[in-house]
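A short worksheet on the structure shown next.
The values are calculated or read from the model by the stated rules, or taken from the named source; none is laboratory data. Here the structure is a predicted model, which is why all the values come from computation and not from measurement. All Cβ positions, glycine included, derive from the backbone under ideal geometry; neighbour counts span all protein chains shown.
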Amino acid sequence: MQDVLNTLGNNATNLLENVKNSEELEEIRVKYLGKKGELTLVLKSLGSVAPEERKEIGMLANDIRKKLENIIESKKEELKIKEVEERMNSEKIDISMSKQNLNTYGHKHPLSIVIDDIKDIFIGMGYSIAEGPEIETTFFNFDALNAPFDHPSRDLQDTMYITDDIILRTQTSPVQVRTMLENKPPIKIICPGRVYRSDSVDATHSPMFHQIEGLVVDKNISMADLKGTLNMFAKKYFGDKTEIRFRPHHFPFTEPSCEVDVSCFVCGGKGCKTCKNEGWIEILGAGQVHPNVLVAGNIDPKEYQGFAFGFGVERIAMTKFGVSDLRYLYENDVRFLSQF
Ligand code: PHE
């Protein structure tokens with residue numbers, strides 16, 4: 001009987017030493033110490049053991065039971081710690097992030113670079129920045145700007161209509177009259193913004209593009225002031241040696257009107273790829289504010305005069321940065337944008 005008990009004790013100890021997890025531990029406990037466990041059965045059967053052996057075997061069985069219970073208790077603790085550790089390892093989430101990605105900074109879009117540089121120059125000349133809505137009325141976009149009813153720019157093929165008298169503005173010029181109605185002269189503003197025309201997209205056209213409008217209204221303003229202002233601007237923006245030239249043109253809202261070219265900032269006027277061998281690059285339309293426009297803006301043309309001009313931002317960005325296709329400016333391809 002002693003031998004049977006000792007073997008049982010040794011087997012159980014062996015099994016416990018190699019136990020791998022809590023379930024296995026519980027199985028072993030039940031196998032030996034459970035209600036019908038092997039050791040429990042021995043203890044229950046002590047009654048049938050000869051009385052002279054009973055005490056000794058009883059003590060041995062109890063010792064083995066205590067020993068096994070101790071091992072089980074310490075194994076239980078050991079496994080609990082091990083299992084928590086395993087769970088923590090398997091459920092670990094790496095919340096750190098590679099520092100590499102954070103080292104690349106974005107920068108301004110080429111169109112914003114042009115707009116901000118031009119703004120800076122005019123702010124330096126005492127201008128302030130005005131704004132106007134992109135969804136505009138035909139009144140401010142055409143009527144107040146002295147455009148006759150049959151002016152071709154009103155055509156459906158050129159202008160995007162929302163209703164008969166609400167459109168997407170085709171130019172930033174409506175801001176001229178809006179500014180006059182809200183401010184008394186002297187007025188000196190520029191207004192950068194988006195404009196829309198029903199053009200299909202190609203290398204030089206887009207249904208949306210940007211303009212910068214300029215307006216000055218004061219006493220004794222003439223074409224000479226316009227020329228002096230644009231001359232100063234051209235030298236600051238394109239370089240000291242830059243010349244400007246005025247070509248006669250027509251706009252309904254200025255009289256006289258002109259288109260303005262700058263001498264090519266790449267070849268200095270000799271002729272090259274940038275200026276298409278012309279020596280000059282067209283950058284804007286301008287003129288003396290038409291008296292009818294001043295009247296629409298509630299300003300007396302006998303007392304005040306003004307000049308206005310309008311830059312095409314894309315055209316300037318393309319020549320300045322050597323961009324051959326307008327579409328690159330809108331596609332937001334980082335390989336293109338990162339070059340500026
Ligand atoms: N609005 C004109 C255009 O879109 C440009 C311009 C502005 C001309 C101001 C004269 C004065 O072409």
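For region 210-246, what are the residues that are farther than 15 Å from Ala308 by Cα and within 14 Å of the ligand (Cβ to nearest atom)?
Scanning region 210-246 gives a single hit, His210.
Can you find even one residue in region 144-167 that is loosely packed, with under 13 Cβ neighbours inside 10 Å, part of a helix (DSSP H, G or I) and not assigned by TED's automatic domain parsing to the domain that holds Leu41?
Yes, the conditions are met somewhere in region 144-167.
Tell me, which residue of region 148-169 that is in contact with a strand residue (DSSP E or B) (Cβ under 6 Å, 6 or more places away or on another chain) and within 16 Å of the ligand (Cβ to nearest atom) is nearest to Val293 (Cα to Cα)?
For region 148-169, the residue satisfying everything is Arg169.
I'm checking my understanding of the structure. Among residues of region 292-315 that are in contact with a Pro (Cβ under 8 Å, 6 or more places away or on another chain) and free of Cβ contacts under 8 Å to residues at least 12 places away in the same chain, which one is nearest to Thr172 (Cα to Cα)?
Val295
Just to confirm my filter: which strands (runs of 3 or more DSSP E) fall fully inside region 251-339 and include at least 2 residues that are in contact with a His (Cβ under 6 Å, 6 or more places away or on another chain)?
Those strands (runs of 3 or more DSSP E) span 254-263.
Please determine, by comparing only the residues of region 296-319 that are more than 19 Å from Glu213 (Cβ to Cβ) and surrounded by fewer than 19 Cβ atoms within 10 Å (Cβ to Cβ), which one is nearest to the ligand (Cβ to nearest atom).
Pro301
Considering only region 214-250, state which residues are in a helix (DSSP H, G or I) and in contact with a Pro (Cβ under 9 Å, 6 or more places away or on another chain).
If the condition is that a residue be in a helix (DSSP H, G or I) and in contact with a Pro (Cβ under 9 Å, 6 or more places away or on another chain), then Met223 is the only one that fits.
Taking Leu329, is it surrounded by fewer than 20 Cβ atoms within 10 Å (Cβ to Cβ), among the aliphatic types (A, V, I, L, M) and within 23 Å of Pro192 (Cβ to Cβ)?
Judged against the criteria, Leu329 is not a match.
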